[in-house]
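The next block holds one structure in the form of structure tokens; read it before the comments.
Only the coordinates and a few stated rules stand behind these numbers; no lab work does. The model shown is predicted, which means the values in this text are computed figures rather than measured ones. So basically every Cβ, Gly included, is an ideal-geometry build from the backbone, and we count neighbours across all protein chains shown.
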Amino acid sequence: MFRPAAQLLVDPLARLNVDPQHVVLFHTALGLHAAHLIGRGDRLTPALLLQLKTLLDNLDGQLARATGRTTETGRYLDTEMDLLVNLALNVAISGRSGLPWTVLQSLILTVDFLWEREYREARGEVFRESPAQAGDHPVVLGALKAVYAAYFVPQERLLHRVFEQRLRRVAGGGVTPADRVAYTSAAVNALSANLGLSTQLALLGACVLLGRPQLYHRSLLVQAAALLGAQVWREQQVRAAHAARR
């Protein structure tokens, strides 16, 4: 829903020569303001702001690709500004440290990232194209990379190691290309993709509108359980593929 809507804004903003990184900073400001309003007990305005933030979050990458302005700086900036907004939102919901919920939310989003990467790599597809520019702000880029390495990379390595170990265990040690295809089914990829950030903020917006933002934190536990179940199913698919080849 959000991506096609954002596509409608690409041409007008490209003609105005809007910098995609300015779009990132603007939707970050919207997200932080929404967090402030949630902490104050407001309902309708922050719920709407979160959806506008999501629309613009879907826009920045499309605008960058359409205008040939994809950069490493932009990619890292977008990811880390989302993290900042998520932390602020979780603090606003809990009324205290939102870090545990933010970490859980990040792990769910990281599973989405890793499973999509696994899916594409297993089929010989390009996961993410290289940016058109290496990075136009070396100092900023270095700082953003350092934050990413400190927060996101450990999560990615840990989960990737777990998924690889589980695959090797159910495959009996020798993992074939067919095993990887079975392990990365389209159904599981669709599940994780639909737990991405757009869905997270849509769900949070609904909870805020109902006056029950704490329900969002409970939903994270349900999402984590769903992904755990999906992992079990992934392993069963590999076992079934092995049995069919015997």
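Here's the picture: charge each Lys and Arg Cβ at +1 and each Asp and Glu Cβ at -1 in the chain, and of LEU8, LEU77, ALA224 the one pushed furthest to the positive end of that dipole is ALA224.
Among PHE26, PHE2, a tally of other beta-carbon atoms within 10 Å of each Cβ gives an order, fewest to most, of PHE26, PHE2.
Binning the alpha carbon pair distances of segment 108-231 at 10 angstrom intervals from zero yields the distribution 11, 32, 32, 21, 4, 0, expressed in whole percent.
Rounded, prolate or oblate: pick one for segment 2-245, where a ≥ b ≥ c are the square roots of the eigenvalues of its C-alpha gyration tensor, a/c under 1.5 means rounded, and failing that, prolate if a/b is larger than b/c, else oblate. It is oblate, given that a/c is not under 1.5 and a/b is not larger than b/c. With the convex hull drawn over the C-alpha atoms of segment 1-96, the volume per residue is 86 Å³. When each of TRP233, TRP115 is scored by the number of other beta-carbon atoms lying within 10 Å, the sequence from fewest to most is TRP233, TRP115. Annotation: the residues HIS27, HIS137, HIS22, HIS217, sorted from fewest to most other C-beta atoms within 10 Å of their own C-beta, follow the order HIS22, HIS137, HIS217, HIS27. On the beta carbon distance between VAL126 and ALA146, with R0 = 25 Å, the FRET formula returns roughly 0.40. Applied to segment 174-181, the Karplus parametrisation 6.51 cos²θ - 1.76 cosθ + 1.60 on θ = phi - 60° returns per-residue 3J(HN,Hα) values of x, 8, 9, x, 5, 4, 5, 5 Hz, with x for Gly and Pro. Summing Lys and Arg as +1 and Asp and Glu as -1 over all other residues whose Cβ lies under 10 Å from the Cβ of TYR119 gives a net charge of 0.
Using the basic label-point model (7 angstrom from Cα toward the beta carbon), what is the GLN236 to ALA193 distance in nanometres? About 2.3 nm separates the two model spin labels.
Distance from the C-alpha centroid of segment 1-41 to that of segment 230-246: 42 Å, rounded to the whole angstrom.
If I take R0 = 41 Å and measure r between the Cβ atoms of ASP42 and LEU104 in this structure, what FRET efficiency does the formula 1/(1 + (r/R0)^6) give, to the nearest 0.05? The value I calculate is 0.95.
What net charge is computed for the residues neighbouring LEU89, neighbours being all others with C-beta under 12 Å from the C-beta of LEU89, Lys and Arg scored +1, Asp and Glu -1? In short, 0.
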